[in-house]
Amino acid sequence: MATDASVLKHGVVGNENNGHAACCNTGGPGYATPLEAMSGPKEALIYVTCVYIGTGREKPDYLATVDIDPSSPTYSKVIHRLPVPYLGDELHHSGWNSCSSCHGGPSADRRFLILPSLVSGRIYVIDTKTNSKAPSLHKVVEPEDIVQKTGLAYPHTSHCLASGDLLVSCLGDKDGNATGSGFLLLDSEFNVKGRWEKPGHSPPFGYDFWYQPRHKTMISSSWGAPAAFTKGFNLQHVSDGLYGRHLHVYSWPGGELKQTLDLGSTGLLPLEIRFLHDPSKDTGFVGCALTSNMVRFFHTQDGAMRLQYQ
């Protein structure tokens, strides 16, 4: 893996309108506030990733389109399947190319669904606008390109940014070492820009993340080393230090690791991160998979993050 500065370059997220675009103008995707979103029309379609890894079937994963319109004759049925072109991807989390962070930008278009592949390292870009009931493949970001330019592999969570870029958490390097984890930055055309975090500020483990621009904070969680979890869960690997128990607090959008929160033996394998829907609040939660605990995190008056077990 190349490690020269021209390859492992540091991507930059713009400050403009991160989390605040909705306060000014309208015309872009999503909603101005969570309350407005709750009052919006109900979805008529949902997209579901379906995987074959571990089933013994040599078939490509696919994206299923499900009709959830109660007035439709195909209500509750799968109306389309879009197979990806390769085997062994393991489609995982998904995200949009633009979201409510871009609500104030009339040129922004929530058109593409982003599908990171946890095992293969590919990232699929799916066009849902040309035919929402039968999405099509728009682009494949190949793992070789990601590794060459950033050293990152095992992409997991994708979130859209107000700048039009995309941020994707990656769980390790190409050899499955968790110490190679970090955050991949793609531009609006889905080209690799580089890493988001500043050099020397990569987390020891990766998984999910979420940002809260009004509090200039991003928090990421910890799963485990890909070399371990891709072989199946082994409890001994937890004792061996191959799984995480920390939350990592970053400056937003600067990408500096400001604080590491140790959840202890009762907070093993913290996975999904969620802030409260109200963007003015500085409180969020994380679920810890191995110990079945819910942990609340919040800012204190001194600006640091603190933990409370629920």
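No other residue among K77, K59, K42 is charged (D, E, K, R) and modelled with pLDDT under 95 apart from K42. Any residue in segment 123-146 that is under 15 Å from the mean Cα position of the chain (by Cα) and under 22 Å from E197 (Cα atoms)? Yes, segment 123-146 has at least one match.
Would you check if S158 is closer than 20 Å to V84 by Cα and either assigned to a loop (DSSP other than H, G, I, E, B) or at pLDDT below 95 (or both)? When the stated conditions are applied, S158 does not pass them. Checking Y309, Y243 one by one, the residue that is at pLDDT below 95, among the aromatic types (F, W, Y) and outside the structural domain of L184 (by TED's automatic domain parsing) is Y309 and no other.
The set of residues in segment 189-216 that are of a type in the set (S, T, N, Q), crowded, with 18+ Cβ neighbours inside 10 Å and at pLDDT 95 or above contains only S202.
What is the number of the single condition among (1) modelled with pLDDT under 95; (2) under 22 Å from the mean Cα position of the chain (by Cα) that S107 does not meet? Answer for S107: the failing condition is (2).
The residue that is nearest to A64 (Cα to Cα), among those in segment 80-93 that are at pLDDT 95 or above and in a loop (DSSP other than H, G, I, E, B), is V84.
Each row is one residue, and each column tells you yes or no for (1) part of a loop (DSSP other than H, G, I, E, B); (2) basic (K, R).
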site: K193; (1), (2): no, yes
site: E197; (1), (2): yes, no
site: K231; (1), (2): yes, yes
site: Y250; (1), (2): no, no
site: G255; (1), (2): yes, no
site: Q259; (1), (2): no, no
site: T266; (1), (2): yes, no
site: K281; (1), (2): yes, yes
site: V286; (1), (2): no, no
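Which is among the charged types (D, E, K, R) and under 17 Å from the mean Cα position of the chain (by Cα), of D165, D61, D69? That would be D165, the only listed residue that is among the charged types (D, E, K, R) and under 17 Å from the mean Cα position of the chain (by Cα). Restricting the first member to segment 82-94 and to residues that are outside the structural domain of A134 (by TED's automatic domain parsing) and under 17 Å from S136 (Cβ atoms), and the second to residues that are loosely packed, with under 14 Cβ neighbours inside 10 Å and among the small types (G, A, S), no beta-carbon pair is closer than 9 Å while six or more apart or on different chains. The residue that is farthest from S181 (Cα to Cα), among those in segment 249-282 that are surrounded by fewer than 18 Cβ atoms within 10 Å (Cβ to Cβ) and under 16 Å from the mean Cα position of the chain (by Cα), is R274. Considering the conditions (1) in contact (Cβ under 8 Å) with a residue 12 or more places away in the chain; (2) in a loop (DSSP other than H, G, I, E, B); (3) under 30 Å from H138 (Cβ atoms), E189 is excluded by exactly one of them, (1). Applying the condition of being touching a helix residue (DSSP H, G or I) at 6+ places or on another chain (Cβ under 9 Å) and in a loop (DSSP other than H, G, I, E, B) to segment 116-134 and asking which residue is surrounded by the fewest Cβ atoms within 10 Å (Cβ to Cβ) yields V119. From the list G232, G255, G200, G241, the lone residue that is more than 20 Å from R296 (Cα to Cα), touching a residue at least 60 places away in the same chain (Cβ under 8 Å) and among the small types (G, A, S) is G255. Flag: L137 does not match the condition of being in the same structural domain as D89 (by TED's automatic domain parsing), closer than 29 Å to I46 by Cβ and crowded, with 22+ Cβ neighbours inside 10 Å.
The values are calculated or read from the model by the stated rules, or taken from the named source; none is laboratory data. Model, not experiment: these values are computed from the prediction. Every residue, glycine among them, receives a Cβ derived from its backbone with ideal geometry; neighbour counts consider all protein chains shown.
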